[in-house]
Each structure stands twice: as structure tokens, then as C-alpha cells.
1. Hey, got the Cα dimensions of region 51-169 along the principal axes, in Å, largest first?
2. Show which lysines lie in cross-link reach of LYS261 when reach means a straight Cα distance below 17 angstrom and same-chain residues fewer than eight apart are skipped.
3. Mind checking the alpha-carbon convex hull of region 1-80 and giving the volume per residue in Å³?
4. Of all the Cα-Cα pairs you can form in region 171-276, what percent are over 23 Å apart?
5. In debye, nearest 20: dipole of the chain around its Cα centre with unit charges on the Cβ of K, R (+) and D, E (-)?
6. Which aspartates and glutamates, if any, have their Cα less than 14 Å from the Cα of LYS243, not counting same-chain residues under 8 positions apart?
7. Quick check: convex hull over the Cα atoms of region 278-423, volume per residue in Å³, rounded to an integer?
8. Please label the shape of region 343-439 as rounded, prolate or oblate, based on the square roots a ≥ b ≥ c of the eigenvalues of the alpha-carbon gyration tensor (a/c under 1.5 means rounded; beyond that, a/b larger than b/c means prolate, else oblate).
Amino acid sequence: MKVPLSQAQEDMIKEAKSNYFDLPGLDVSIAFPQATPASIFPPCVSDYYQFDDLLTPEEQAVRKKVRECMEKEVAPIMAKYWEKAEFPFEVVPKLGALCIAGGSIKGYGCPNLSITANAIAAAEVARVDASCSTFILVHSSLAMLTIGLCGSEAQKQKYLPSLAVLKTIACWALTEPDYGSDASALGTTARKVEGGWILDGQKRWIGNSTFADVLVVFARNTSTNQINGFILKKNTPGLQATKIENKIGLRMVQNGDILLKSVFVPDEDRLPGVNSFQDTSKVLAVSRVMVAWQPIGISMGVYDMCHRYLKERKQFGAPLAAFQLNQQKLVRMLGNVQAMFLVGWRLCKLYESGKMTPGHASMGKSWISLKARETVSLGRELLGGNGILADFLVAKAFCDLEPIYTYEGTYDINTLVTGREITGIASFKPAALSNRSRL
């Protein structure tokens, strides 16, 4: 409850303020005219080893159209929405027109892109704004892909066409307050009743959930004790999704807490292809590749911003790009981007050839996100004071990278997935808590 101020307190506060205290801040172009803000996005100069030559004409065309849209439509408004922690609904039709939602799904109005083209699109969106990239990834590489891989023919025809053009929006609800990395132990329940199922439980950190038209929800079947998947619709009785406040990263993404209280789901909305937690692995294998490309895109954008900034900003009578320390940091960033891109590209090729393992995907995501952290941190240093302003991208990217470092498997969990694969020994639980020896 807000306690009203007394007249004396109000007078004291008013006396303490200057007569210009409540004036709006100066536009950044006036306050700091020496460098161009990210609302006018810098050209891409990070492809030093000319990796574009590795892409097919289709993949190059996808990169071009996504880059143009993001720089023109999203860059000018992203800092405003990020600051307010609001989602830019105005850009949804423009993102839908790109025809990248549904990525590698064939038919049902989906683009049937190669995994590489899908990944390139994810990187290009993240290069300008990581929140928009996460919005599309949750919608497309998690929710739509689950319906595409695990849904019935009727479900695919019913839901995918409108999702493919972003006429309707989807979310994907697996994580719970008590089960994050240990997601397979989830506690939300699904109880069979006549004509359908009753869902009870709670989900947390679910992107897009506060406004999603379609919610893909995972719950434990009380009869089989296995994980099943369900499609819920917005405003279903007993369903509630509320926004998680006070995030420092991906502030435009509307992460929510979902409460399920005796929610009835008809039989036709149970996903027939999800009968155990292992069935989610088919989806997570693809989404983990896509998530690995988000830090690549973020790092590309930060490098592009720093490259322009160092040539524009002058100190001691010379551009910052003229100083040895700054050049050394810039080259480290550029080297990281080249290595990250090559690992991401190879991951796509392994998937396309049917050779990718869970360990491959996990090492790609964990290593790339680690290198991105280093890259963005160097960029933060290079921009000095402007490195803490969202106007110049780097501070925003610095914060946005933190949740990406954690979601879709934390850095540590992903390294353990790879560790299990190369040693044959699982080390997820402390030995003292395990019922048998790891050996």
C-alpha cells in the first residue's frame, strides 16, 4: 500500500528539485554527437573470413532480407521498448512477412528452410535485437516444431498455418519453479477424465506466455508417470499467465508465471507424439542449435557497433581506433566471431547429415555462449561510459546475453551432457544422492 505524503513532505521534495528536474533527457544525438547510436544500425563488417561463401543462394537471400528488416524496422525502436520492458507488437506483422517462423517445417504454410538458413535467420535477428530473436525462437523452434514433430495431422493443419505468419503466437511451457535444469522431474500433472485431461501445476520463465494464443504445455500423466504434451488455448478456464518483472536481460521478452488450476484439455489437443521426456529431445536438439546462433548474432552486432564507434569517437586528438589496446581488443572480438560462426555452421551440417549428437549440440551452445560473453565484455570496455547505455547497443547486448547463457541448458549442464557422451559417465547428481555408482 502506498502511504500518501503530507503537505510538508511534498513541499520539501518540491523545494529540493531544480526547475529543470522534470525535463525529458536530451536526445542522444544531441547529448553525444560524436558517435552514431544503434538506432541507426552499423553495417555488418564481422564476416572477416568470408563465411558468406559457405552459404547457398537461398541461405544468403534469407540473411539479406532478415538483416534489412531488422535494421530498418526494429533498430530504431528497440532501446525504447527494452527500457520499458514492453514487447513491440507493432513489428510482429513485419517479422511475420519474413516467412521464417516454422523454419525447417515442411508444408502447412511453413518455409521448409534448411537448418543452416534457419540458424542464419536467428543470428541476423539477434544481431540487432536478442529479445526479438528469443520471441521467434520460442514461437518457432520450440512451440511450432513440437506441433510439427509430435502433433497429429489434424493439429498441424489446425495450428501451423496461422502460426507460420505470426497471425497467432505460441509459447512452450516446460520449466517449473522447482524444476529448471532437472526438467524431466517436472511436477505439473495431467489426469485423464472423460473426453480429455485435467492439468494442474505451475510453470515459470515461459516466454510469450502472457499473450500467446497457443500454449504447448508439458505435464506428467498420473496413470503412466510419463511426460505428455498438450495444446492449450488462450483464456482457457483455470489458466493464468502473469509477467515476471524486474529482469535485467531480454527485457522485451514477456516471460511469465503460468498457473494451471483444473484446466480441461480435450483429447484432440493432446500431442500424440509426446509420450515420455525423451520425445522432447527431438525438439530440443533443433532448438539448442538455434539458441547457439543467438550469441553468434549478438556478438556480430556488438562487433559492428564497436567497429563504427572506435572510428567515430575521438580522444587525445585521435579516433579510439588508433590506439593499440583498442585494436587488440577489437581483433580478439573479431577472432571470436569467426570461431563461433564456424562452430555454429558445422553444427548445422552435422544435424543436416544426421550425425549430430546431444553432446555436439550441448558443446556448441555452451562454448559459443561462453565466447560471446567474452566478446560482449570486451565491447563493453571499448565503449567506456557509453558502454552502459542501451542507446549504443553494447550494454543491452551485455545484459541480454546473460539469460541466453543460462536458458536451453545452463553452461554447466550443457558441459555435463557432453561430458557424459565422451566419458560414458553421467555426473548430474551428486554421488551421495544417487542410488547406484556412476561407474
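The values are calculated or read from the model by the stated rules, or taken from the named source; none is laboratory data. No experiment lies behind these values; they were computed from the predicted model shown. Glycine also receives a Cβ, built like all others from the backbone with ideal geometry; neighbour counts cover every protein chain displayed. These area figures cover heavy atoms from the full protein model, side chains too; ligands, DNA and RNA do not enter into them. Shrake-Rupley method; radii C 1.70, N 1.55, O 1.52, S 1.80 Å.
1. 41, 38, 18
2. Cα-Cα hits under 17 Å: LYS192, LYS203, LYS233, LYS234.
3. Details: hull volume 15.2 nm³, N = 80.
So the per-residue hull volume is 191 Å³.
4. Working: 1194 of 5565 pairs.
Summing the P(r) tail past 23 Å for region 171-276 gives 21 percent.
5. 700 debye
6. GLU86, ASP257
7. Working: hull volume 15.3 nm³, N = 146.
So the per-residue Cα hull volume is 105 Å³.
8. Working: a/c = 3.74, a/b = 1.79, b/c = 2.09.
Since a/c reaches 1.5 but b/c is at least a/b, the shape of region 343-439 is classed as oblate.
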